[in-house]
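Data first, discussion second: the structure below is written as structure tokens.
The values are calculated or read from the model by the stated rules, or taken from the named source; none is laboratory data. If you're wondering where the values come from, they're calculated on a predicted model, not measured in any experiment. Backbone-built Cβ (ideal geometry, glycine too); neighbour counts: all protein chains shown.
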Amino acid sequence: MSKSPVPLSRIFDNNNRLAALSQRSRQLSQLNHILQNILPARFSEHCQLANLTDTTVVILCDQSSYASMLRFQSAQICKALSEQTGLTVQQLELKVRPFIKTCHITRHCQLQLSENSARSIEQTAAGIEDGALKTALNQLAKRCR
């Protein structure tokens, strides 16, 4: 017998620590959204809000150059965050941590194979007896050319 899934809301009702963690995560996500609207457009892909402690906002940047540019604007950013959130933000703490970029597959993406990879795929397909797999590998190899 398998148990039916339990809704997260019921788990949170029974576990205050998880409920608090979920609430904190939502709060930081909302603050990050506000920060992204405050920052100049060129910063949005390179900076994100990581934490809020008392009167300090911690921002992660993927390059030191963006962190340096934000330092020069820290007073304006603190003021704008305070005005838009109702919190008292007095200080920015900037940290440099390269982000791991996630790959979003779209219809416009083109698969790029090297000639060597295409030849290897063709050679693999030549040695396979399964017709559907062989056809799929040959089509994959042709995309390169």
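Assess whether Cys78 counts as being at pLDDT 85 or above, in contact with a helix residue (DSSP H, G or I) (Cβ under 9 Å, 6 or more places away or on another chain) and in the same structural domain as Gln30 (by TED's automatic domain parsing). For Cys78, the condition - at pLDDT 85 or above, in contact with a helix residue (DSSP H, G or I) (Cβ under 9 Å, 6 or more places away or on another chain) and in the same structural domain as Gln30 (by TED's automatic domain parsing) - is not met.
Filtering Leu60, Leu8, Leu21 for residues that are buried (at least 17 other Cβ atoms within 10 Å of the Cβ) and at negative phi leaves a single hit, Leu60. Taken over the range 115-144, the residue count meeting the criterion of being of a type outside the set (Val, Ile, Thr) and either in contact (Cβ under 8 Å) with a residue 60 or more places away in the chain or out of contact with any helix residue (DSSP H, G or I) (no Cβ under 7 Å at 6 or more places or on another chain) (or both) is 17.
Within 17 Å of Leu87 (Cβ to Cβ), over 14 Å from the mean Cα position of the chain (by Cα) and either loosely packed, with under 11 Cβ neighbours inside 10 Å or polar (S, T, N, Q) (or both): is that true of Asn14 in this structure?
So Asn14 fails the test.
Considering each residue of the range 5-19, count those that are in a helix (DSSP H, G or I) and not basic (Lys, Arg), and give that number.
The qualifying residues number 9.
Beta carbons closer than 8 Å, at least 6 apart along the sequence or on distinct chains, pair a first residue in the range 89-112 that is on the phi < 0 side of the Ramachandran plot and modelled with pLDDT of 60 or more with a second that is of a type in the set (Asp, Glu) and surrounded by 10 or more Cβ atoms within 10 Å (Cβ to Cβ) for Val96/Asp62; Arg97/Asp62; Pro98/Asp62; Phe99/Asp62. Out of curiosity, is Phe43 surrounded by 15 or more Cβ atoms within 10 Å (Cβ to Cβ), closer than 19 Å to Gln91 by Cα and assigned by TED's automatic domain parsing to the domain that holds Val89? Criteria met by Phe43.
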